[in-house]
Structures are given as C-alpha cells and as structure tokens.
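**Student:** I'd like to ask you about the structure that follows.
The values are calculated or read from the model by the stated rules, or taken from the named source; none is laboratory data. These figures come from a predicted structure and were not determined experimentally. As a convention, Cβ positions derive from the backbone with ideal geometry for all residues, glycine included, and neighbour counts pool all protein chains shown. Note: areas computed on protein heavy atoms with side chains; ligands, DNA, RNA excluded. Shrake-Rupley method; radii C 1.70, N 1.55, O 1.52, S 1.80 Å.
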Amino acid sequence: MALVPCQVLRVAILLSYCSILCNYKAIEMPSHQTYGGSWKFLTFIDLVIQAVFFGICVLTDLSSLLTRGSGNQEQERQLKKLISLRDWMLAVLAFPVGVFVVAVFWIIYAYDREMIYPKLLDNFIPGWLNHGMHTTVLPFILIEMRTSHHAYPSRNSGLAAICTFSVGYILWERTQPQEKILAQLMTQ
C-alpha cells in the first residue's frame with residue numbers, strides 16, 4: 001500500500017488551497033462584511049471549487065488504497081462513483097473555471113491593473129496570496145490532468161453543466177450592490 005508521487009502531490013495541493021483560503025478569509029477587508037461576502041468574487045468561488053476538487057481527489061486516492069484487493073463489490077462500486085464525480089468535476093468546473101479566472105485576471109491586469117486589482121488591494125492582500133489565488137491554479141490543474149487519467153463527460157452534458165454554473169454566477173453577481181462595495185473600499 002505505498003503512496004505514489006501523484007497522490008502525495010494531490011495532498012500537498014489540497015493543503016495549499018486550504019492555506020490560501022484560510023489566509024484569504026482572515027483578511028479584514030470591507031468587502032468581506034458586505035452582502036455576499038467573499039462569495040461575490042469568482043476568484044474565491046474558484047478557490048473553493050479547486051479545494052473541493054482536490055479534496056475529492058485525495059478521498060479517491062485514500063479509497064482506492066483502502067479497497068485495493070478487498071474484493072468487496074459494493075466498495076468497488078462506490079469507488080467508481082467517486083472517480084466519476086472527480087472526473088466530472090475536473091471537466092465541468094475545476095478546469096474551465098480555473099483557466100478562465102487565471103487567464104482573465106492576468107490579461108486584464110496586464111491591460112489595466114486598476115480595472116481588476118486596484119493598488120488599494122495591496123494594503124489588504126499580500127502578493128504571495130494574490131499569486132496563490134490567480135497563478136497557481138493553472139499549474140496545479142495542468143499537473144493533475146497530466147498525472148492522472150480522467151474519463152470526461154459527453155460534450156452536451158459538460159456544456160450544459162458549465163452553462164448552468166455560468167448563468168447562476170451571472171444572476172448571483174447581478175444581485176450584488178457594486179457601488180456600495182466600491183465606495184466602502186475607497187473610503188478606507
């Protein structure tokens with residue numbers, strides 16, 4: 001029952017995301033006390049998605065280590081369901097949302113930093129945490145895709161799920177009182 005390097009790597013990535021989330025939530029920012037809190041930011045939602053995904057990866061690895069060679073059909077069936085959930089989550093949420101957040105953040109940041117990450121935020125969010133939220137997501141997900149085999153859902157079901165997520169996020173974002181949040185940040 002020896003651990004392989006990709007399993008150890010998944011645990012390290014999960015711990016990294018947990019650390020980033022804990023440090024982000026510990027920051028005293030005015031926007032955290034407004035309607036929706038951190039959940040209004042796609043970056044935070046992406047961090048939660050990535051942490052849940054890698055949590056499922058670690059759970060899958062542990063389950064496969066514990067059920068290997070047991071011959072129990074029920075455990076094998078449950079493991080297959082867990083692997084299917086892991087694969088679905090990678091294809092539908094973790095990869096598309098992760099790549100979108102990284103690409104859009106850094107493209108807009110290069111074009112006009114103030115539009116996406118005003119210098120004012122440097123007073124609240126340290127640089128290492130910014131990179132943890134907006135840079136490491138892409139290499140971590142690419143490493144996962146390279147080190148493990150995944151069975152992807154059909155194109156139609158995958159597109160339906162990511163479109164549902166996208167529409168849900170847009171509707172959620174539309175309910176946020178943006179002007180009040182910006183005014184609070186500017187007065188701090």
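**Student:** Conditions first: (1) surrounded by fewer than 13 Cβ atoms within 10 Å (Cβ to Cβ); (2) modelled with pLDDT of 90 or more; (3) more than 24 Å from residue 14 (Cβ to Cβ). Residue 166 passes all but one, so which condition is the exception?
**Tutor:** Failing condition for residue 166: (1).
**Student:** Take residue 142 and tell me if it is at pLDDT 90 or above, open to solvent by 30 Å² or more (accessible area, probe 1.4 Å) and in contact with a Leu (Cβ under 9 Å, 6 or more places away or on another chain).
**Tutor:** Spelling it out, it is not the case that residue 142 is at pLDDT 90 or above, open to solvent by 30 Å² or more (accessible area, probe 1.4 Å) and in contact with a Leu (Cβ under 9 Å, 6 or more places away or on another chain).
**Student:** May I pose another question? If I filter region 22-36 down to residues being open to solvent by less than 30 Å² (accessible area, probe 1.4 Å) and modelled with pLDDT of 75 or more, which single residue comes out as farthest from residue 140 (Cα to Cα)?
**Tutor:** Once the filter is applied, the top-ranked residue is 27.
**Student:** Moving on. Would region 118-128 turn up any residue that is open to solvent by less than 40 Å² (accessible area, probe 1.4 Å), within 19 Å of residue 23 (Cα to Cα), aliphatic (A, V, I, L, M) and assigned to a loop (DSSP other than H, G, I, E, B)?
**Tutor:** Scanning region 118-128 turns up at least one residue that is open to solvent by less than 40 Å² (accessible area, probe 1.4 Å), within 19 Å of residue 23 (Cα to Cα), aliphatic (A, V, I, L, M) and assigned to a loop (DSSP other than H, G, I, E, B).
**Student:** Is it the case that region 44-63 has a residue that's assigned to a helix (DSSP H, G or I), more than 24 Å from residue 148 (Cβ to Cβ) and open to solvent by less than 60 Å² (accessible area, probe 1.4 Å)?
**Tutor:** Yes, region 44-63 contains at least one residue that is assigned to a helix (DSSP H, G or I), more than 24 Å from residue 148 (Cβ to Cβ) and open to solvent by less than 60 Å² (accessible area, probe 1.4 Å).
**Student:** Follow-up. With respect to residue 129, is the statement that it is hydrophobic (A, V, I, L, M, F, W, C), more than 25 Å from residue 51 (Cβ to Cβ) and modelled with pLDDT under 90 true?
**Tutor:** When the stated conditions are applied, residue 129 does not pass them.
**Student:** Name, by its number, the condition in (1) in contact (Cβ under 8 Å) with a residue 12 or more places away in the chain; (2) surrounded by 15 or more Cβ atoms within 10 Å (Cβ to Cβ); (3) more than 17 Å from residue 10 (Cβ to Cβ); (4) not aliphatic (A, V, I, L, M) that does not hold for residue 41.
**Tutor:** (1)
**Student:** Give the number of residues within region 81-99 that are open to solvent by 20 Å² or more (accessible area, probe 1.4 Å) and in contact with a Leu (Cβ under 8 Å, 6 or more places away or on another chain).
**Tutor:** The qualifying residues number 2.
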